[in-house]
Amino acid sequence: MIPITTNIAIDESEIKLDFIRAPGPGGQNVNKVATAVQLRFDVSNSPNLSDDVRARLMHLAGRRMTEDGILVIHAKRFRTQESNRQDALDRLTRLIRRASEKPKPRFKTRPSKASKERTLAAKRRRSRIKRLRRAVASPDG
């Protein structure tokens, strides 16, 4: 079990890791060694996630989520398989932790009377400045 939070832990059998060849620097090994990791986690069928956490996780994942409800994380930052594997697992746990936090409810607020008054005073000042810049009409016409 991989502990995520105090309430959430994910079984290793739910996570599928594939090792693929990574682009970028690597010298002579770049075409021989599969160091990049592709982590797949089935969010929609995971029994360890509650419905609200699942919904928030699907929203947070964005384009990393497939149509089937599978989260795909690519890790290719490091040159070793083990480092990339750990990086992918860390990114998954961070994402699930963020999804497990309930969003703070937003309360509608209104501007205070003083702030409205300051806005109107600033508008009056600006209006006066612009009015003083206008060309004065000559008495000739």
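The values are calculated or read from the model by the stated rules, or taken from the named source; none is laboratory data. What you are looking at is a predicted structure, and each value in this text was computed from that prediction instead of being measured. Using ideal geometry, Cβ is built from the backbone for each residue, glycine included, and neighbour counts are taken over all protein chains shown.
Criterion first (charged (D, E, K, R) and at pLDDT 85 or above) does residue 76 satisfy it?
Numbers: charged (D, E, K, R): yes; at pLDDT 85 or above: no.
Taking the combined requirement at face value, the residue does not satisfy it.
Just checking, which of 16, 32 is part of a strand (DSSP E or B) and at pLDDT below 85?
16
Anything in segment 80-139 that is free of Cβ contacts under 8 Å to residues at least 60 places away in the same chain, among the hydrophobic types (A, V, I, L, M, F, W, C) and closer than 21 Å to residue 52 by Cβ? List them, or say none. I'd like the intermediate steps shown before the answer.
Kept after step one, since they are free of Cβ contacts under 8 Å to residues at least 60 places away in the same chain, are these residues of segment 80-139: 80, 82-83, 86-87, 90-91, 94-95, 98-99, 101-139.
Next, only the ones that are among the hydrophobic types (A, V, I, L, M, F, W, C) stay: 95, 99, 107, 114, 120-122, 129, 132, 135-137.
Answer for segment 80-139, where residues must be free of Cβ contacts under 8 Å to residues at least 60 places away in the same chain, among the hydrophobic types (A, V, I, L, M, F, W, C) and closer than 21 Å to residue 52 by Cβ: 95, 99, 107.
In this structure, is residue 62 at positive phi, without any contact (Cβ under 8 Å) to a residue 40 or more places away in the chain, exposed (fewer than 14 other Cβ atoms within 10 Å of the Cβ) and under 19 Å from the mean Cα position of the chain (by Cα)? Break it down stepwise before answering.
Working: at positive phi: yes; without any contact (Cβ under 8 Å) to a residue 40 or more places away in the chain: yes; exposed (fewer than 14 other Cβ atoms within 10 Å of the Cβ): yes; under 19 Å from the mean Cα position of the chain (by Cα): yes.
Yes; evaluated as a whole, the condition is true for this residue.
Quick one: in segment 65-74, of everything that is touching a Lys or Arg at 6+ places or on another chain (Cβ under 7 Å) and under 21 Å from residue 22 (Cα atoms), which residue is surrounded by the most Cβ atoms within 10 Å (Cβ to Cβ)?
Let us first name the residues in segment 65-74 that are touching a Lys or Arg at 6+ places or on another chain (Cβ under 7 Å), namely 70-73.
From what's left, under 21 Å from residue 22 (Cα atoms): 71-73.
Numbers: 71: 22, 72: 16, 73: 20.
Checked segment 65-74; the qualifying residue surrounded by the most Cβ atoms within 10 Å (Cβ to Cβ) is 71.
Can you tell me which residues in segment 84-116 are exposed (fewer than 11 other Cβ atoms within 10 Å of the Cβ), among the charged types (D, E, K, R) and more than 30 Å from residue 39 (Cβ to Cβ)?
Here is the first cut: in segment 84-116, the ones exposed (fewer than 11 other Cβ atoms within 10 Å of the Cβ) are 101-115.
Next, from what is left, pick out any that are among the charged types (D, E, K, R): 101-102, 104, 106, 108, 110, 113.
Once the filter is applied, which keeps residues that are exposed (fewer than 11 other Cβ atoms within 10 Å of the Cβ), among the charged types (D, E, K, R) and more than 30 Å from residue 39 (Cβ to Cβ), segment 84-116 yields 106, 108, 110, 113.
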